[in-house]
Amino acid sequence: MTAAKRTMTLNLTDAEMSALEDLCAKKDMSKTALLRQALRLYQMIELRFEEGDKLFFENDKTKEKAEIMML
């Protein structure tokens, strides 16, 4: 069974649209698919934060870690 779909309008600045188009080209994805994936990722991150987890980036060469803070 397919979930019902709803339509929305999204207004982006030139810089935001450029970033979206660049990511779409890199990932070979449509804007809709990329935004859906980004939303699922954000939901997962929020859930993990709610459970007390932290998010880090680690430099593979130096092993330096940087914590990501969410608002």
> Just one of [x] 11.3, 32; [y] 15.9, 48; [z] 31.1, 101 is Rg and Dmax of the Cα atoms in Å as worked out from the coordinates here. Which one is it?
Replying inline: [y]
> In degrees, nearest 10, range 0 to 90: what is the angle between the Cα axis of helix 31-50 and the longest Cα principal axis of the chain?
Replying inline: 40 degrees
> For helix 14-27, what angle does its Cα long axis make with the longest principal axis of the chain, in degrees from 0 to 90 and rounded to 10?
Replying inline: 80 degrees
> Count of lysine pairs in the chain with Cα atoms under 29 Å apart, counting only pairs 8 or more residues apart in sequence or on different chains?
Replying inline: 14
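Read-outs throughout are calculated quantities, based only on the coordinates presented, and are distinct from any laboratory measurement. All values reported here derive from a predicted model rather than from experimental measurement.
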